[in-house]
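Q: Just dropping this structure here.
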Amino acid sequence: MDRNPEGAQSRIVIAGGGIAGMTLALAVKQALGAAFDVMLVDPVVAARPRIDNRAYAVAAAARNMLDALGVWKQVEPSAAPMMEMQITDSRTSDVVRPVFLTFEGEAEPGQPFAHMVENGALVAALLQAAKAAGVTLRAEGVRSGDCVDGGPMQVALTGGETVQAALLVAADGARSKLREKAGIGWVGWSYPQSGIVATIGHERPHGGLAVEHFLPSGPFAMLPLPDGGRLGHRSSIVWTERSENVEALLSLDEADLLAEIERRFGLQLGEIALESRVSAHPLSFGMARSFVGERLALLGDAAHVIHPIAGQGLNLGLKDVAALAETIVDAARLGLDPGAADVLEAYEKARRFDTVAMGVVTDGLNRLFSNDSTPLRLMRDLGLGVVERLPGLKRMFIREAAGLSAEAPRLLRGEML
């Protein structure tokens, strides 16, 4: 049992050492210091960094938060600014892919609307910062969390110990066992699509340009990465493909797979090569019926999973982090219980509408664009053309994608807690 049960009100336990969980641990610990125990529980904290070919579009607001936490200076050398995005709508066989919509410029002066960041670099920087800040790292899992008669959360660890905490944060992914044990419902469905991801080398520079080709099977995104590799320049691809085709595609030899990628990637960047292994991930939509339970808060994928069509999955999780960290820190500084029902309700209220809205938008965009219907193609291309001709509307979309608003939590505005 916990050797210091009276300290439960000044302790939170975060189950899950992914990007969202580590960022929350760092934000709360930096703000509240030695008087508050932040425990991050995940076997990954003791593991060697895994080779991971994923890369994320970190929006301007999320970058503000990482900067305020002192992490961005470690990440920036391995990040590529996204200065422009082009959107096309065509078939794979089309020789010419007209650009219907272009987003370019800065979210704010001197600030690109997003940076592409490779998963390994971001995770390593967060873990190093968490250790330096004094986050308690436990290389094990959380077996369960239970409250008795409104008392503190009894968190049972897989190593056999039980610790008491004011709050347990479930950051344990889309298949969250803690969400399930708490009896929180999940509404969702699987898409008949998978996301194929890889790092591609190419001989010509991308110039900070991101391209999203809307193809009948789903979007094919080319996202700029820092220079390097065999051909001197690199991009990340997120290739949405019908799930029924994925096994056959991944079984191709490298030359044939590159030919399939080139059909979608195009020739504008010259010769291409694989710089990483190619992996596929089934795509789905899901939303927890509540983001909170008794002394429990859901974070990131444990609360919501959306289609990657707009590249907002990680940013949605980091918005959760900013809102929950602010809620916890403000309550603790006022001497309030950070796991109390009214405190958690404030977090739910801060995140519910934005998350549902983003889920609806991404689901609708995928259904609208992932087909080969001529009437729908004409309708959506007309809509893209209208947006292209309205600079004010484009500017609004850029700021929304960047996550910048006056009502955003302090961390997303670059302010320390």
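Bear in mind these aren't lab numbers, they're just calculated from the coordinates by the rules spelled out. All of these numbers come straight from a predicted model, not from anything done at the bench. Note that each Cβ is placed from the backbone with ideal geometry, even for glycine, and that neighbours are counted across all protein chains shown.
Q: Below 28 Å, Cα to Cα, which lysines can Lys73 reach? Residues fewer than 8 away in the same chain don't count.
A: Partners found: Lys29, Lys131, Lys319.
Q: Any idea which of Leu249, Val343, Gly311 is furthest toward the positive side of the dipole for the chain, if Lys and Arg beta-carbons carry +1 and Asp and Glu beta-carbons -1?
A: Farthest along the dipole direction, towards plus: Val343.
Q: Could I ask something else about it? Based on the alpha carbon coordinates of the chain, what radius of gyration and maximum Cα-Cα distance (Dmax) apply, in Å?
A: Calculated on Cα positions, Rg and Dmax stand at 21.9, 69 Å.
Q: Within 10 Å, Cβ to Cβ, of Glu275, how many net charges do the neighbouring residues add up to if Lys/Arg are +1 and Asp/Glu are -1?
A: +3
Q: When the scattering of the range 22-90 is computed by the Debye formula from its Cα atoms alone, each counted once and equally, what is log10 I(q)/I(0) at q = 0.16 Å⁻¹?
A: -0.80
Q: Here's another thing I want to ask about it. Do me a favour and compute the ellipsoid semi-axes for the range 134-222 from its Cα gyration tensor, root of five times each eigenvalue, largest one first, whole Å.
A: Taking √(5λ) for each eigenvalue gives 42, 20, 11 Å, largest first.
Q: Tell me the trypsin sites (Lys or Arg not before Pro) within the range 65-145 that lie in a loop according to DSSP and have at most 14 other beta-carbon atoms within 10 Å.
A: Answer by residue number: Arg91.
Q: State to the nearest 20 debye the size of the charge dipole of the range 201-284 about its Cα centre, where the only charges are +1 on K and R beta carbons and -1 on D and E beta carbons.
A: 260 debye
Q: May I ask for the angle, rounded to the nearest 10°, between helix 313-333 and the longest principal axis of the chain, with both axes built from Cα atoms and the value confined to 0 to 90°?
A: The angle comes out near 20 degrees.
Q: Any chance you could give the angle, 0 to 90 degrees and rounded to 10, that helix 341-369 forms with the longest Cα principal axis of the chain?
A: 10 degrees
Q: Also, quick follow-up: Just going by the charge dipole of the chain, with Lys and Arg at +1 and Asp and Glu at -1 on Cβ, which of Gly385, Thr23, Pro205 is farthest out on the positive end?
A: Thr23
Q: Using +1 at the C-beta of Lys and Arg and -1 at the C-beta of Asp and Glu, which of Ala331, Ile14, Trp72 has the Cα lying farthest in the positive direction of the dipole of the chain?
A: Ala331
Q: Given axes a ≥ b ≥ c from the Cα gyration tensor, I'd like to know whether the range 329-405 is rounded (a/c under 1.5), prolate (a/b larger than b/c) or oblate.
A: Judged from the Cα gyration tensor, the range 329-405 comes out oblate (a/c at least 1.5, b/c at or above a/b).
Q: Hey, in the GNM for the chain with a 10 angstrom Cα cutoff, which one of Gln154, Gln268, Gln74 fluctuates hardest?
A: Residue with maximal mean-square fluctuation among Gln154, Gln268, Gln74: Gln268.
Q: For the chain, what is the charge dipole size about the Cα centre, in debye to the nearest 20, if Lys and Arg each add +1 at the Cβ and Asp and Glu each add -1 at the Cβ?
A: 240 debye
Q: Restricting attention to the range 335-417, which trypsin sites (Lys or Arg not before Pro) occupy a DSSP loop and are surrounded by at most 15 other Cβ atoms within 10 Å?
A: Arg389
Q: Could I ask something else about it? With the Cα gyration tensor of the range 290-363 in hand, give its eigenvalues times 5 under a square root as the equivalent ellipsoid semi-axes, listed largest first in whole angstrom.
A: Semi-axes from the Cα gyration tensor: 25, 11, 9 Å.
Q: Which of rounded, prolate or oblate describes the range 203-273 when judged by the alpha-carbon gyration tensor and an a/c cut-off of 1.5?
A: Oblate shape, in that a/c is at least 1.5 and b/c is the bigger or equal ratio.
Q: Let me ask something else about it. May I ask you to sort Asp337, Asp342 by Cβ crowding, counting other Cβ atoms within 10 Å and putting the fewest first?
A: With the sparsest Cβ surroundings first, the list reads Asp342, Asp337.
Q: Of all GluC sites (Glu not before Pro) in the range 131-188, which ones are in loop regions per DSSP and have a Cβ with at most 15 other Cβ atoms within 10 Å?
A: Filter output for the range 131-188: Glu140, Glu161.
Q: Projected area of the range 151-295, taken from the Cα convex hull and averaged over every viewing direction, in nm²?
A: Result: a mean projected hull area of 12.4 nm².
Q: While we're on this one: Count the net charge of all other residues whose Cβ sits under 11 Å from the Cβ of Ala350, scoring Lys and Arg as +1 and Asp and Glu as -1.
A: -2
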